[in-house]
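The values are calculated or read from the model by the stated rules, or taken from the named source; none is laboratory data. Every value quoted in this text rests on a predicted model; they were computed, and no experiment measured them. All Cβ positions, glycine included, derive from the backbone under ideal geometry; neighbour counts span all protein chains shown.
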Ligand SMILES: [Zn+2]
């Protein structure tokens with residue numbers, strides 16, 4: 001079975017929040033053109049995987065919105081056709097983003113009615129192997145997405161990552177997992193959610209010999225390293241963890 005995931009650059013995620021989470025509480029929409037990597041067999045689970053990454057955000061112009069409220073949005077398809085045109089020329093995939101200002105955490109009946117028409121339009125214009133993504137942005141910043149393969153075939157995205165200064169993960173049932181007993185100490189130190197997040201990732205550990213440094217929790221419950229880690233030999237790295245983020249000191253790498 002094909003699986004699919006989406007990676008949003010943080011700058012694109014920020015722009016989408018600005019465009020879609022407006023103060024009037026009405027739904028908004030935008031397109032994101034995405035590049036695609038096709039992995040025939042994921043080395044971890046052996047499944048074929050399609051990995052999309054954001055390339056450009058295209059707003060839906062206000063004058064193309066036909067009607068909108070807190071529960072729906074309808075817009076002319078002109079801008080969608082323009083996005084398909086660019087996507088075809090640049091070998092990209094169109095993702096349609098819209099907001100659910102009232103916090104409905106699933107695709108609505110209207111979404112389920114409209115989106116088969118969009119994928120049909122996309123395939124009529126750009127060819128029968130054209131796919132589109134559809135993503136809901138929730139008021140709390142959560143993201144839920146799916147990939148349309150044809151008007152009858154749709155799969156949920158197994159993961160949406162936002163990558164920038166921080167890494168944020170969105171996947172079904174995030175936060176509901178319970179750690180196995182073996183990871184209880186880690187859960188106590190870094191929070192239950194971290195174990196579930198790690199279980200969804202393939203993690204490469206790149207060590208500088210800081211293993212064993214004292215991990216503490218700051219006043220807001222974020223992991224922190226105090227004092228900093230400084231290697232006096234080999235790579236001479238020098239870093240500490242501030243506000244939950246690894247920060248490299250200016251003299252890192254210097255003897
Ligand atoms: Zn919707």
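Do we have any residue at all in the range 76-94 that's within 16 Å of the ligand (Cβ to nearest atom) and surrounded by 13 or more Cβ atoms within 10 Å (Cβ to Cβ)? There is at least one residue in the range 76-94 that is within 16 Å of the ligand (Cβ to nearest atom) and surrounded by 13 or more Cβ atoms within 10 Å (Cβ to Cβ). Residue count for the range 173-192, restricted to those that are at pLDDT 80 or above and surrounded by 12 or more Cβ atoms within 10 Å (Cβ to Cβ): 1. Among residues of the range 100-120 that are over 19 Å from residue 19 (Cβ atoms) and touching a residue at least 12 places away in the same chain (Cβ under 8 Å), those with a Cβ under 9 angstrom from a residue that is near the ligand (Cβ under 10 Å from one of its atoms) and assigned to a helix (DSSP H, G or I), sequence gap 6+ or separate chain, pair up as 107/115. Counting only strands (runs of 3 or more DSSP E) that sit wholly inside the range 57-104, those with at least 2 residues that are over 11 Å from residue 29 (Cα atoms) are 65-68, 93-99.
All of (1) within 14 Å of the ligand (Cβ to nearest atom); (2) part of a helix (DSSP H, G or I); (3) out of contact with any strand residue (DSSP E or B) (no Cβ under 8 Å at 6 or more places or on another chain) hold for residue 111 with one exception: (3).
Total residues in the range 54-75 satisfying the condition of being closer than 21 Å to residue 33 by Cβ, more than 13 Å from the ligand (Cβ to nearest atom) and in contact with a strand residue (DSSP E or B) (Cβ under 6 Å, 6 or more places away or on another chain): the figure is 9. Filtered by the rule that a residue be buried (at least 16 other Cβ atoms within 10 Å of the Cβ) and either over 16 Å from the mean Cα position of the chain (by Cα) or not in a helix (DSSP H, G or I) (or both), the range 14-35 gives 19, 21, 26, 27, 28, 29, 30, 31, 32, 33, 34.
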